[in-house]
Amino acid sequence: MKNATGRLATGIALALALTTLPALASMNLALDKGCLSCHGSPPRGKAPTIAQLADRYVPLKGQEDQIAGKIGHLREHHLFGGVPAHERLSAEEAERFVRWLVDGGR
Ligand code: HEC
């Protein structure tokens, strides 16, 4: 019962965030998926910060083939040195996150 209620609450919160605040929804996605444990400030290890990622992605705006490449690349499985948090992203989550970065990551 507690779990079902929790899931419902999360679902409602997510639905609200998705419909009303797309940028915030992507930030919440980053938080939910633990992205900020590496990409926050300070970043962990050699991970770039969200701001550094945005600097890298903003110039791709309008270049759909480049953006699609980034979305696919992020989720690719790497035998060595891969990031499990990247590989666990759904296609839809990866797209939302990359597009959020292309729009400046804020
Ligand atoms: C365990 C640490 C860690 C976590 C957690 C993590 N990342 Fe990363 N991420 C890295 C590192 C290190 C790099 C740079 C090396 C690379 O590109 O693989 C990176 C690179 C990236 C890039 C740039 C890829 C490119 O080639 O341009 C994106 C976008 C990204 N991460 C998004 C995310 C998202 C979204 C999440 C949450 C689902 C996430 N990361 C979670 C460590 C992490």
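First compute the accessible area of the chain with a 1.4 Å probe, then give the percent of it belonging to carbon and sulfur atoms. List each step's numbers first, then the result.
Working: 4430 of 7220 Å².
Ligands and nucleic acids excluded, carbon and sulfur give 61 percent.
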P(r) over all Cα-Cα pairs of the chain, 10 Å bins from 0 to the longest distance, whole percent per bin, short to long, reads 14, 43, 32, 10, 1
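Quick check for you: with a 1.4 Å probe and neighbouring chains kept, what is the accessible area per residue of the chain, in Å²?
Details: 7220 Å² over 106 residues.
Per residue, the chain has 68 Å² of solvent-accessible surface.
Mind listing which GluC sites (Glu not before Pro) in the stretch 59-106 are in a DSSP loop and have 10 or fewer other Cβ atoms within 10 Å? Please report the intermediate quantities before stating the final value.
On the way: sites: GLU64, GLU76, GLU87, GLU92, GLU93, GLU95; in loops: GLU76.
Answer in residue order: GLU76.
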Qualifying trypsin sites (Lys or Arg not before Pro) for the stretch 28-80 [loop in DSSP, other Cβ within 10 Å: at most 16]:
LYS33, ARG44, LYS46, LYS61
Taking each full run of DSSP H in the chain as one helix, which ones are at least 20 Å long along their axis (Cα atoms) and have mean Kyte-Doolittle hydropathy of at least 0.0?
2-20
When we measure straight from the Cα of LYS46, which aspartates and glutamates land under 20 angstrom away, once same-chain ones fewer than 8 places off are left out?
ASP55, GLU76, GLU87
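The values are calculated or read from the model by the stated rules, or taken from the named source; none is laboratory data. Predicted, not measured: the structure shown is a model, and the values here were computed from it. In this analysis, Cβ positions are derived from the backbone assuming ideal geometry, glycine residues included, and neighbour counts consider all displayed protein chains. We work out accessible area using only protein heavy atoms, side chains counted, and drop any ligands, DNA or RNA first. Shrake-Rupley method; radii C 1.70, N 1.55, O 1.52, S 1.80 Å.
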